[in-house]
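Quick notes on the structure that follows.
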Amino acid sequence: MLNKLNSESTELILRLWKNMYRIRAVEERIAERYSEGKMRCPTHLSIGQEAVPSAMAENIRVNDFAVSTHRGHAHYLAQGGSLNAMISELYGKATGCCGGRGGSMHLADTSVGFMGTTAIVGNSIPLGVGLALSAQLRGTSQISCVYLGDGAIEEGVFYESVNFAIVRKLPVLFVCENNLYSVYSPLAKRQPQERKIFKMVEAMGIRVNSCDGNDALASCTVIAEAVRLVRGGEGPYFLEFSTYRWREHCGPDYDNHLNYRSPDEVAMWMERDPVARAEMFLLQADPRLTDVLSKFRLSVVQEVDRAFEFAEDSSFPDPVFVGAGVYA
Ligand SMILES: Cc1ncc(C[n+]2csc(CCOP(=O)(O)OP(=O)(O)O)c2C)c(N)n1
Ligand SMILES: [Mg+2]
């Protein structure tokens, strides 16, 4: 889709690229500094998966709700969650978005409607549906976005939640990032080969669509239409995006040596890098954008530097009495 566009789309693609670039820079810095041992929480990176959250950022309002998963950094940042508070949370500091007690898998910034991420697969799905119910009962125009992975489709609570959202015509957008794996288990071994997740979900009676989740612009178009309908009171919507995580399931490294996925498969997806695709389009559309891109890269480096300094300089929370003479 990117190749077919004229310069009218350049502004939008520039915004998408900026969001993707920033998210990736944050996660690459986390990966770089993780081995220092100061971020003492399990950390699931979504490097390679930046297009969908960036496209969501274009379409959601600051008072919309969102909930996410163990792999939630990008969703939190796309919603406008505080970077300082996120990095501090990873460092376990009192200035973290959960007071330093949650870590990477428990991000929240209620000031922008990002209501939380949880470590239990599928756990945040009913929370997102409940938030949609609250918006409906209060008569607001808020929508609730539920990010989930392909693995979460296999949890019973997904079906209960989608069913409830359909029956109550709730303003909820399910955003499934299908990266083909649940830890080391490929989708092809967990579900029948011919099954398409979005087709299966459609059979429940909900509007659905699917899209190349490594094409930020195409994702943006599909999300815009879904958000228009959900916000317009047409009930819930389910979107499936195909994408791929580049690094290990949990941690900062690559894991090709584990052989649960082939080097060819990884290489093929890395060639479809959403950030590089957007950048290539921008530079072809207008080579003078080189300067704009360079300035932005520098500003992101500085912003990320500051966030890590902020986290390092912050204090640890006071110990809390958890019972039986134990403080944590
Ligand atoms: C209920 C539950 N079962 C299993 C796990 C272990 N687990 C953690 S992440 C994960 C994979 C989830 O896959 P998916 O939803 O596709 O998300 P992805 O990691 O690919 O982003 C699993 C099985 C868990 N945290 N919670
Ligand atoms: Mg997955």
Legend entry - Rounded if a/c under 1.5, otherwise prolate or oblate - the range 81-214, Cα gyration tensor axes: oblate
Inset, instruction - Provide the percentage of antiparallel DSSP beta bridges, counting only those with both residues in the chain; round to the nearest 5. - result: 15
Inset, instruction - Pull up the cross-link candidates among the lysines for LYS295, meaning alpha carbon to alpha carbon under 16 Å and not fewer than 8 places away within one chain. - result: LYS18
Inset, instruction - Tally the DSSP beta bridges in the range 179-258 and give the antiparallel ones as a percent, rounded to 5. - result: 25
Inset, instruction - Quick one: net charge around LEU133, please, counting Lys, Arg +1 and Asp, Glu -1 for every other residue with C-beta under 11 Å from its C-beta. - result: +3
Inset, instruction - Go ahead and collect, in residue order, the members of the range 78-108 whose backbone nitrogen is under 19 Å from a label point 7 Å along the Cα-Cβ direction of ASP305. - result: 83-85, 87-88
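Arranged by the count of other C-beta atoms within 10 angstrom, fewest first, what order do CYS211, CYS145 take?
CYS211, CYS145
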Inset, instruction - Subtracting the Cα-Cα distance from 0.36 nm times the residue separation, let me have the gained length for TYR254 to MET204 in nm, one decimal. - result: 14.3 nm
Inset, instruction - Classify the range 186-255 as rounded, prolate or oblate, taking a ≥ b ≥ c as the square roots of the eigenvalues of its Cα gyration tensor: rounded when a/c is under 1.5, otherwise prolate if a/b is larger than b/c and oblate if not. - result: oblate
Legend entry - Cα shape, the range 177-328, gyration tensor, a/c 1.5 rule: rounded
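Ranked highest first by the average count of other Cβ atoms within 10 Å around their residues, in what order do 127-135, 262-270 fall?
Taking the mean over residues of other Cβ atoms within 10 Å, the ranking is 127-135, 262-270.
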Legend entry - Order of THR43, THR10 - criterion: other Cβ atoms within 10 Å of each residue's Cβ, fewest first: THR10, THR43
Inset, instruction - Using Cα positions and a limit of under 20 Å, work out the lysines in reach of LYS38, with same-chain residues fewer than 8 apart set aside. - result: LYS93
Inset, instruction - Could you rank the peptides 177-184, 282-289, 306-313, 317-324 by their average count of other C-beta atoms within 10 Å per residue, with the highest value first? - result: 177-184, 306-313, 282-289, 317-324
Inset, instruction - Fewest Cβ neighbours within 10 Å first, please rank CYS97, CYS250 accordingly. - result: CYS250, CYS97
Inset, instruction - Name the residues whose placed amide hydrogens come within less than 5 Å of the amide hydrogen of ARG207, ignoring near sequence neighbours (fewer than 5 apart) on the same chain. - result: PHE238
Legend entry - Simple label model, 7 Å out from Cα along Cβ direction - GLU11 to LYS295, nm: 1.7
Inset, instruction - Hey, can you grab everything whose amide H is under 5 Å from the amide H of SER182? Only 5+ residues off in sequence or another chain; H modelled, so Pro and N-termini drop out. - result: LEU187
Inset, instruction - Name the lysines eligible as straight-distance cross-link partners of LYS169: C-alpha to C-alpha under 23 Å, and not fewer than 8 places from it in the same chain. - result: LYS199
Legend entry - Among GLU154, GLU36, GLU279, residue whose mean-square fluctuation peaks in a GNM of the chain (springs only between Cα atoms under 10 Å): GLU36
Inset, instruction - First measure r as the distance between the Cβ atoms of MET270 and ARG138, then evaluate 1/(1 + (r/R0)^6) with R0 = 45 Å and state the FRET efficiency to the nearest 0.05. - result: 0.50
Legend entry - Gyration tensor over alpha-carbon atoms, the chain, equivalent ellipsoid semi-axes in Å: 28, 26, 21
Inset, instruction - Please work out the FRET efficiency for the pair ALA224 and ALA324, using the Cβ-Cβ distance as r and a Förster radius of 30 Å; give the result to the nearest 0.05. - result: 0.05
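Each value in this text was obtained by applying a stated rule to the coordinates, not by laboratory testing. Please read all numbers here as calculations on a predicted model, not as lab measurements. Cβ sites come from the backbone with ideal geometry, for glycine too, and all protein chains shown count toward neighbours.
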